[in-house]
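Below is one structure, written out as C-alpha cells, with a few remarks after it.
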Amino acid sequence: MTNRTGLQMYDEFADVYDVLMDDFDYDAWGAYYLSLIRNACGELPRRAVECACGTGSLTVRLAQSGMAVTGVDLSAAMLRKAEQKARKWGVEAAFVRQDMRNLAMPRRVGAVLATCDGVNYLTTPQDVRAFFDSAYAQLLPGGVLCFDCSTRHKLEDTMGDAFFGEERDGMTVLWQNRLNRESHVISMDLTFFVREQDGRYRRFREQHRQRAHSEEELTAWLQQAGFEQVRAFGEMRETLPTPQDLRMHLSARKPL
C-alpha cells in the first residue's frame, strides 16, 4: 500500500503493483481486519476509511461487508486503478487523494485502517504521531484504529542491507536495500524491467523508504494521541507478537 510523500506518485508502479501482489491473500486480510474491528467495537460501523489503500484490493473486500468505505491514498494513479476495481467488483466505495497525516472526511467514521506497511512509510516519529492524531480526530467516540507494521526484525534483520531479485511473467524486479540502524530507516531501490506488447522491455526505478517502528513506540504514541485499549497482535493472529514475527497488527479505541 502506498503513502509516500515528496516523490513522483507511482504512475508506472501502479501498472505493476497488482502483479507484484498477486500472491497476497487479501481475502484472509479482509476477514482478519473485520474481526479486529468487531472485537474492538462490538459490531461493524457504518463508515470506515482505509488509508494508503493503493489499488483498492482490500478496500473492495471491506466494502463487501456493508460498510461505506473510503479509500485514501496520495497516488492518483493508484486511485484510478482502485476506482476501476470497485466498478469491476460491483461495490460502492469512494476514493480520495489525501495525506493520511491530515485526513479530512465529511463525516466522522467508526473505523480507520492502514494496512500493508502504510504506517512503515511514515519514516519519522512526528509523521506517525500526526497520523494517529488525524485518525483520532476523524473517529467517532468508541471508534477503532487498526493497522499493521512490518516488524523491526523483518526490516532490519531480514531485509536490511540485502539484495533481492524476482522474476514474474513478463516482469523482473531487482531490489537493493540499505539500512540506517540509528534511525531504523531502510531505503529500497527497485529497478523494474517490464515486457511490452512488442516484446521489448521497459525499465523504470522506484525508491521507497520505510521505518521499523517498535511495538513500544507505537503503543506510546497511540496513548499520547488519546487512544485506549491499545492491543498488539502477531501476524494474522489474536495473540501477542513474538520476536520472530515479520509483521504485527495493532488496534486502538477512541474513548466513548
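The values are calculated or read from the model by the stated rules, or taken from the named source; none is laboratory data. Everything quoted here is computed from the prediction, not taken from an experiment. Here the Cβ is made from the backbone with ideal geometry for all residues, glycine too, and neighbour counts use every protein chain on show. With ligands, DNA and RNA removed, areas are computed over all heavy atoms of the protein, side chains included. Shrake-Rupley method; radii C 1.70, N 1.55, O 1.52, S 1.80 Å.
Kindly establish whether Leu190 is under 21 Å from the mean Cα position of the chain (by Cα), in contact (Cβ under 8 Å) with a residue 40 or more places away in the chain and either surrounded by 14 or more Cβ atoms within 10 Å (Cβ to Cβ) or over 24 Å from Tyr33 (Cβ atoms) (or both). So Leu190 fails the test. When every residue of the stretch 41-55 is checked against the conditions, none turns out to be open to solvent by less than 10 Å² (accessible area, probe 1.4 Å) and part of a helix (DSSP H, G or I). Sub-9 Å Cβ pairs linking a first residue in the stretch 22-33 that is open to solvent by 60 Å² or more (accessible area, probe 1.4 Å) to a second residue that is at pLDDT below 95, at least 6 apart or interchain, are Asp22/Arg168; Asp25/Met236, ordered by first then second residue. Looking at the stretch 54-70, is at least one residue on the phi > 0 side of the Ramachandran plot, touching a residue at least 12 places away in the same chain (Cβ under 8 Å), touching a strand residue (DSSP E or B) at 6+ places or on another chain (Cβ under 9 Å) and not acidic (Asp, Glu)? Yes, the stretch 54-70 contains a residue that is on the phi > 0 side of the Ramachandran plot, touching a residue at least 12 places away in the same chain (Cβ under 8 Å), touching a strand residue (DSSP E or B) at 6+ places or on another chain (Cβ under 9 Å) and not acidic (Asp, Glu).
Each row is one residue, and each column tells you yes or no for (1) of a type in the set (Phe, Trp, Tyr); (2) in a strand (DSSP E or B); (3) touching a strand residue (DSSP E or B) at 6+ places or on another chain (Cβ under 9 Å).
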position	(1), (2), (3)
Thr172	no, yes, yes
Ser183	no, no, yes
Ser187	no, yes, yes
Phe192	yes, yes, yes
Gln197	no, no, no
Phe204	yes, yes, yes
His208	no, yes, yes
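Checking the stated criteria, Leu174 turns out to be touching a Ser or Thr at 6+ places or on another chain (Cβ under 6 Å), open to solvent by 40 Å² or more (accessible area, probe 1.4 Å) and at pLDDT 95 or above. Here Asp117, Asp133 are screened, and the one residue that is outside any strand (DSSP E or B) and either of a type in the set (S, T, N, Q) or open to solvent by 30 Å² or more (accessible area, probe 1.4 Å) (or both) is Asp133. Just one of the listed residues (Arg211, Arg231, Arg200, Arg237) is open to solvent by 90 Å² or more (accessible area, probe 1.4 Å), within 30 Å of Cys41 (Cα to Cα) and either charged (D, E, K, R) or more than 17 Å from the chain's Cα centre (by Cα) (or both), and it is Arg231.
Which of the residues that make up the stretch 150-170 are in a strand (DSSP E or B) and either loosely packed, with under 15 Cβ neighbours inside 10 Å or touching a helix residue (DSSP H, G or I) at 6+ places or on another chain (Cβ under 7 Å) (or both)? Hits for the stretch 150-170 are Phe163, Phe164, Gly165, Glu166, Glu167, Arg168.
Scan the stretch 210-256 for residues that are outside any loop (DSSP other than H, G, I, E, B) and either under 18 Å from Glu156 (Cβ atoms) or not aromatic (Phe, Trp, Tyr) (or both) and the total you get is 24.
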